[in-house]
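Asks: Below is one structure. I have some questions about it.
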Ligand code: NAP
């Protein structure tokens, strides 16, 4: 299928590894000029080189922290008029809500809600004026399947999804869509860090928890980043202009509800 986005410009945050990187690679493979952002300079530049080599695409790297105004300004300076925006970054460690301080909540909101909203605020009207835009957030299935040890994620990410539901109809007549992908378990560094956070002294080992999480999924496995990247690329395509305001699970069927 020709996605019809060759020559478009994409700005992808949190894209030096894991799902964000896979999304960048998928778009570069479609002939989109991609700008990838992450904090670790060495890794983001290496990722850009590797994606360019694998796809023959134009890939620009920006070393920046998306939670800071300067970091967002650096990202937007490198790609001032994106046709496609991916909001993605890291999560926060699991924990008991009783232990989360106000400062930890503010950091979680900055990372998982306010930075994406600022990126949308900086790009949305330009997309509308140009008559094309695709905004996609990667959040988590925790938006639909709240888990007690993930209260920072449950709260902050739901806030982003709620915000996006509110604005998603504002641009669709001008071919600007806003959607959110809700991944289940994907085999990435973030997943490994999450499982490390679940290990307690005297409890099951990392390996046991890792295997148990796969076994509990109806697909009996972790998702591969290339699978969410393919979904993302379709949502960014010229063919997806009638899909907006959606929070879309990609989780191997782990969400048990009918709707
Ligand atoms: P990952 O492999 O750890 O990659 C995260 C990417 O975001 C890296 O490129 C990282 O690079 C970058 N990043 C993190 N904080 C950033 C910041 N403040 N500014 C700019 N870039 C930043 O993670 P992933 O597994 O692909 O997960 C992506 C998102 O999905 C995360 O929010 C994660 O919590 C969520 N999620 C993951 C899973 C899963 O199973 N993997 C499930 C549900 C939800 P630097 O560290 O160099 O900045």
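No lab work stands behind these numbers, since they all come straight from the coordinates. Owing to the predicted nature of the structure, the values given are computational and were not obtained by experimental measurement. Here the Cβ is made from the backbone with ideal geometry for all residues, glycine too, and neighbour counts use every protein chain on show.
Asks: Along each principal axis of its Cα atoms, how long is the stretch 159-199 end to end? Whole angstroms, biggest number first, please.
Replies: The principal-axis extents, from largest down, are 47, 19, 12 Å.
Asks: Give, in nm to one decimal, the length gained when the segment between residue 129 and residue 165 is fully stretched (0.36 nm per residue of separation minus the Cα-Cα distance).
Replies: 10.9 nm
Asks: At q = 0.15, 0.20, 0.21 Å⁻¹, work out log10 I(q)/I(0) for the stretch 143-219 with the Debye formula, treating every Cα as an identical point scatterer and leaving solvent out; two decimals please.
Replies: Computed log10 I(q)/I(0) values: -0.69, -0.97, -1.03.
Asks: Moving on. Note down the nm distance, to one decimal, between modelled labels 7 Å out along Cα→Cβ at residue 98 and at residue 58.
Replies: Taking the simple label geometry, residue 98 and residue 58 are separated by 5.6 nm.
Asks: Then there is this: Only counting other Cβ atoms within 10 Å, I'd like 208, 70 sorted with the fewest neighbours first.
Replies: With the sparsest Cβ surroundings first, the list reads 70, 208.
Asks: Once both labels are modelled 7 Å past Cα along the beta-carbon direction, what's the residue 246-residue 189 spacing in nm?
Replies: Each label point lies 7 Å from its Cα, and together they span 3.1 nm.
Asks: Rounded to a whole number, what is D in µm²/s for the stretch 4-97 from Stokes-Einstein with the Kirkwood radius over alpha-carbon pairs (4 °C, 1.567 mPa s)?
Replies: Translational D for this selection: 99 µm²/s.
Asks: Only residues of the stretch 173-199 count here: report those whose backbone N is under 15 Å from the spot 7 Å along Cα→Cβ of residue 205, or say none.
Replies: 196, 199
Asks: Additional query: Could you order peptides 211-221, 195-205 by the average number of other Cβ atoms within 10 Å of their residues, highest first?
Replies: Highest mean packing first, the order is 211-221, 195-205.
Asks: Using only DSSP helix segments of four residues or longer, with each worth -39500 (n - 2.57), what per-residue ellipticity at 222 nm results for the chain after dividing by its residue count and rounding to 500?
Replies: Rounded to the nearest 500, the figure is -13000 deg cm²/dmol.
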